[in-house]
Amino acid sequence: MDFIFIYMTNPSKKEARKIAKHLLKKKLIACGNIFPINSLYWWEGEITDENEYVLIAKTMEANFEKVKREVEKIHSYTCPCVIRIPVSSNKKYFDWLRSEVK
């Protein structure tokens, strides 16, 4: 199976939802899950402590580059996090996912 999760951080729930809907409308993902998180990271020489929202997009490996390009076009961060994670699933879920994306 060539099923992946794409992990993306967002500054707000509104932006995470906007990106998920954009990718869904383009049939690049089958599903998106949004979770509130707290992130600590280095940015411009300082440790930053921010509340963010993770969008986990479920799709096929073949769509990763397309998703990455779309996210980079519309994301408000100058350096958006777009990470591919290979995963496995049960056959029924995989078949559903494969039927929902281009």
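Once both axes come from the Cα atoms, what is the angle between helix 13-25 and the longest principal axis of the chain, in degrees from 0 to 90, rounded to 10?
Roughly 30 degrees, rounded to the nearest 10.
What percent do you get for the relative contact order of the stretch 19-102 when only Cα pairs under 8 Å and 6+ apart count?
Reported as a whole number, the value is 34 percent.
In 10 Å bins starting at 0, how do the alpha-carbon pair distances of the chain split up by percent?
Binned Cα distances yield the sequence 15, 48, 28, 8, 1.
With the alpha-carbon atoms as the only input, what is the per residue convex hull volume for the stretch 10-58 in Å³?
Roughly 75 Å³ of hull volume per residue.
By the scheme Lys and Arg +1, Asp and Glu -1, what is the net charge of all other residues having a beta-carbon under 15 Å from that of TYR93?
Working: positive: LYS58, LYS91, LYS92, ARG98; negative: ASP2, ASP95, GLU100.
Cβ neighbours under 15 Å give a net charge of +1.
The numbers here are math on the coordinates, done by the rules we state, and not lab data. Bear in mind that the values here come from a model prediction, so they are computed numbers and not experimental data. Quick reminder, even Gly has a Cβ in these numbers, built from the backbone with ideal geometry, and neighbours come from all protein chains shown.
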